[in-house]
1. Residue by residue through the stretch 78-92, note down the ones that are hydroxyl-bearing (Ser, Thr, Tyr) and either surrounded by 15 or more Cβ atoms within 10 Å (Cβ to Cβ) or in contact with a helix residue (DSSP H, G or I) (Cβ under 6 Å, 6 or more places away or on another chain) (or both).
2. Could you give me the residue pairs with C-beta distances under 8 Å whose first residue belongs to the stretch 64-77 and is closer than 23 Å to Glu103 by Cβ, whose second residue is hydroxyl-bearing (Ser, Thr, Tyr) wherever it lies, and which are 6+ apart or on separate chains?
3. Looking at the stretch 112-127, which of its residues are surrounded by fewer than 18 Cβ atoms within 10 Å (Cβ to Cβ) and among the charged types (D, E, K, R)?
4. Anything in the stretch 68-127 that is among the hydroxyl-bearing types (Ser, Thr, Tyr) and on the phi > 0 side of the Ramachandran plot? List them, or say none.
5. How about the stretch 94-111: which of its residues are surrounded by 14 or more Cβ atoms within 10 Å (Cβ to Cβ) and either within 17 Å of Lys127 (Cα to Cα) or hydroxyl-bearing (Ser, Thr, Tyr) (or both)?
6. Quick check on Glu52: is it over 24 Å from Val124 (Cα atoms) and either basic (Lys, Arg) or at pLDDT 80 or above (or both)?
Amino acid sequence: MSEKIDQIIESLKTLTLLEASELVTKIEDTFGVDASAASGPTMVMAAPAAVEEVEEKTEFNVVLEAVPADKKIAILKVVRSLTGLGLKEAKEIVESAPKQIQEGLGKEAAEQAKKQLEDVGATVSLK
């Protein structure tokens, strides 16, 4: 390589990411080129290996993670209404948090149950 190119390369090594981004934009504007097109075939070949399709989850389990002591009764009432359990069974679930309270729900139903429990002070997760 020529000395001029070596100097340019050394200067480029000292740029910050922001400066490098501005440089690319300036080169694209000045010369009417697209820097992303320069590596087209290489990137297209690498992309399928790097991109993994993620299946969207359709069934969710509602898990009661934590129950503040001062909110226990309100949470107990919501657990009973969501599960249809009796007072004793619902109380056991609330007192043994973290505990799964519903399983296999659709996304909308699971989010609605989570919202109801969070509105009365529970900490809830969907798994």
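1. The first filter runs over the stretch 78-92 and keeps only residues hydroxyl-bearing (Ser, Thr, Tyr), leaving 81, 83.
Within the stretch 78-92, just Thr83 meets the criteria.
2. Close Cβ pairs satisfying both conditions: Leu64/Thr123; Glu65/Thr123; Glu65/Ser125; Ala66/Thr123; Val67/Thr123.
3. Lys115, Glu118, Asp119, Lys127
4. Going residue by residue through the stretch 68-127, those that are among the hydroxyl-bearing types (Ser, Thr, Tyr) are 81, 83, 96, 123, 125.
The answer is none; no residue qualifies.
5. Of the stretch 94-111, the ones surrounded by 14 or more Cβ atoms within 10 Å (Cβ to Cβ) are 94, 97, 99, 101-102, 105, 109-111.
Residues satisfying the conditions are Ala97, Lys99, Ile101, Gln102, Leu105, Ala109, Ala110, Glu111.
6. Details: over 24 Å from Val124 (Cα atoms): yes; either basic (Lys, Arg) or at pLDDT 80 or above (or both): no.
Answer is no for this residue.
The values are calculated or read from the model by the stated rules, or taken from the named source; none is laboratory data. The shown structure was predicted, so the numbers you read here are calculated from the model rather than taken from an experiment. Please note: Cβ atoms are built from the backbone with ideal geometry, for glycine as well, and neighbour counts cover all protein chains shown.
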